[in-house]
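The values are calculated or read from the model by the stated rules, or taken from the named source; none is laboratory data. What you are looking at is a predicted structure, and each value in this text was computed from that prediction instead of being measured. All Cβ positions, even for glycine, are placed from backbone atoms using ideal geometry, and neighbour counts span all protein chains on display.
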Amino acid sequence: MTVQHKILIADDDTSIRLVLSQAFTRAGFQVRATGAAATLLKWVSEGEGDLVVTDVIMPDENVFDVLPRIRKQRPKLPVIVMSAQNTLLTAVNAAEIGAFEYIPKPFDLDHMVASARRALARRTENEPAKDQARAMRDERLPLIGRSAPMQEVYRTLARLVGAELTVLILGESGAGKELAARALHDLGRRREGKFVVVHLAATPRERVESELFGKEGETGKLVEADGGTLFLDEIGDLPLDAQTRLLRVIDGSERAINPRTGRRSDVRLIAATNRDLGGLIRQGLFREDLFFRLNVAPLRLPPLRERTEDIPDLARAFLLRANREGLPSKSIDQAALERLKRHTWPGNVRELENLMRRVAALYGEDPITARIVDREIQEHAPTADPDAPKTLEAMVERGLAGEFIGGPDGLPAPGLPAPGLYDRVMEQVERPMIAMTLAATRGNQVRAAEILGLNRNTLRKKIQDLGMKPERS
């Protein structure tokens, strides 16, 4: 006797519930339909249904908040998500919470029934096939991960894509800040415009202003991004002069005119940093008023070590991506995935992707084993001098040791004037410290004295004694 599967339908539109119920019944399924997410959750918790077909927006709750609870109660229950909000973010969210398929409205009934049959058939498929299907879906997504920290990222992105707010993305190097910025652009109102990137850490300081604002005969990135998004990566590396000018552009006191239109450039600004901007502000290296202008909507990307449960999905997706780019097709076994989870990932997602490309290219074995992963992690771990000084005090001590080597009774070596050693060492420390502080404050001695904790007159005397000639810009 053929088992008759039951499909649970959830949609607040009565006509859609009716049309789907009739189509599934004709196809030989049992059907139960509701217009409330709470009712759907109750049915699932009671063990009803072999498949869920649900809309995203329900009167009592967003289904993206309900589905994690369904997955927790019944992890093998397939779910098809449908929505009239036909954006990539909806599809991404559906994939990230483990939905079997996302179907935009309006939909074709034959396609819906066929999807239901595939979902029910997949319940008996083996796990490797499921992993491969998930990897194929993940590989096309801008951000990959189903962990709780990434769910929070997705929720924040969903709130920001439709807004024109300036966004500050915070996260360690390699965590995917540029991917998040591109997702904000691709899913937002400016998707038809350009997504322009300026890597400030890689741009010579003397070229930053012309790169951003242009110069005679050349347009800058602010004009190039007109109608689109300008992404400033590593904003903490922006020189102070350029910070002041960027603030004037944001405030509107300086206009970036597009010569093609004769109008002011209209740009959404997204900035990112892996540095502590608060610390840079206290050091006088970053303008506090610019920070507040940029930090309208902060978005924190978690490091990979805080979401290790995402590593299997990421690893499989990266192997598939490497294969699409011409490298040999590879799979990875469970022991290798567990070894990946134990690594601390100082280079974050970028380090994992590079490792997967490397093993796909260099090893003939398939699947990739824990032995291979361990060898690659060990051989490519960053090497550090175990004896390197860890503090400024230790660095000074190591430098001073050179003055005392080779002399009688441990005193400074012959030819080095022992008298005056204190003054010579203090000068070597004070000169770069004062010079760097004055450079950071653009020659403002009042601000420099405040940062150094010195009286202004004391600072002025030290500058004179050291023979320094600070220039105020």
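Within the range 211-225, being more than 16 Å from R268 (Cβ to Cβ) and in a helix (DSSP H, G or I) holds for E211, F213. The residues listed here are R182, R140, R155, R134; of these, the one that is assigned to a loop (DSSP other than H, G, I, E, B) and either modelled with pLDDT of 90 or more or not aromatic (F, W, Y) (or both) is R140. Do you know which residues across the range 312-350 are basic (K, R) and at positive phi? Of everything in the range 312-350, nothing turns out to be basic (K, R) and at positive phi.
Select, from R268, R260, R293, the only residue that is closer than 30 Å to L452 by Cα and of a type in the set (D, E, K, R).
Checking each option against the conditions leaves just R293.
If a residue must be in a strand (DSSP E or B) and either modelled with pLDDT of 85 or more or loosely packed, with under 14 Cβ neighbours inside 10 Å (or both), how many such residues does the range 241-263 contain? Summing the residues that are in a strand (DSSP E or B) and either modelled with pLDDT of 85 or more or loosely packed, with under 14 Cβ neighbours inside 10 Å (or both) in the range 241-263 gives 1.
Test G406 against the criterion of being in a loop (DSSP other than H, G, I, E, B), at pLDDT 75 or above and small (G, A, S), and give yes or no. Give the derivation first.
Numbers: in a loop (DSSP other than H, G, I, E, B): yes; at pLDDT 75 or above: no; small (G, A, S): yes.
Taking the combined requirement at face value, the residue does not satisfy it.
Looking only at the range 336-382, which residues are small (G, A, S), surrounded by fewer than 14 Cβ atoms within 10 Å (Cβ to Cβ) and more than 24 Å from the chain's Cα centre (by Cα)? Even if it seems obvious, please write down each step before you answer.
Initially, the range 336-382 is screened for residues small (G, A, S), giving 336, 347, 360-361, 364, 370, 381.
Adding the requirement that they be surrounded by fewer than 14 Cβ atoms within 10 Å (Cβ to Cβ) leaves 361, 364, 381.
Result: A361, G364.
One residue stands out in the range 250-277 among those that are among the acidic types (D, E) and over 21 Å from the mean Cα position of the chain (by Cα): the one that is farthest from T166 (Cα to Cα), namely E254. Screening the range 266-303 for residues that are of a type in the set (A, V, I, L, M) and assigned to a loop (DSSP other than H, G, I, E, B) and picking the one that is farthest from I144 (Cα to Cα) gives L285. Applying the set (1) of a type outside the set (F, W, Y); (2) within 25 Å of R155 (Cβ to Cβ); (3) without any contact (Cβ under 8 Å) to a residue 40 or more places away in the chain to R307 leaves exactly one unmet item: (3).
crowded, with 20+ Cβ neighbours inside 10 Å, in contact with a Gly (Cβ under 8 Å, 6 or more places away or on another chain), in the same structural domain as R293 (by TED's automatic domain parsing) and of a type outside the set (D, E): does that describe A225? In short, yes. Check whether at least one residue in the range 61-73 is in contact with an Asp or Glu (Cβ under 9 Å, 6 or more places away or on another chain) and at pLDDT 85 or above, and report yes or no. Within the range 61-73, not a single residue is in contact with an Asp or Glu (Cβ under 9 Å, 6 or more places away or on another chain) and at pLDDT 85 or above. Reported count of residues in the range 278-310, each being closer than 16 Å to T166 by Cβ and touching a Leu at 6+ places or on another chain (Cβ under 8 Å), is 13.
Going by the structure shown, is T25 touching a Leu at 6+ places or on another chain (Cβ under 9 Å) and either assigned by TED's automatic domain parsing to the domain that holds E101 or over 17 Å from A119 (Cα atoms) (or both)?
It is false that T25 is touching a Leu at 6+ places or on another chain (Cβ under 9 Å) and either assigned by TED's automatic domain parsing to the domain that holds E101 or over 17 Å from A119 (Cα atoms) (or both).
Within the range 194-202, one or more residues are of a type outside the set (A, V, I, L, M, F, W, C), more than 21 Å from D65 (Cα to Cα) and modelled with pLDDT of 85 or more. A count restricted to the range 265-290 and to residues that are at pLDDT 85 or above and within 15 Å of L230 (Cα to Cα) stands at 8.
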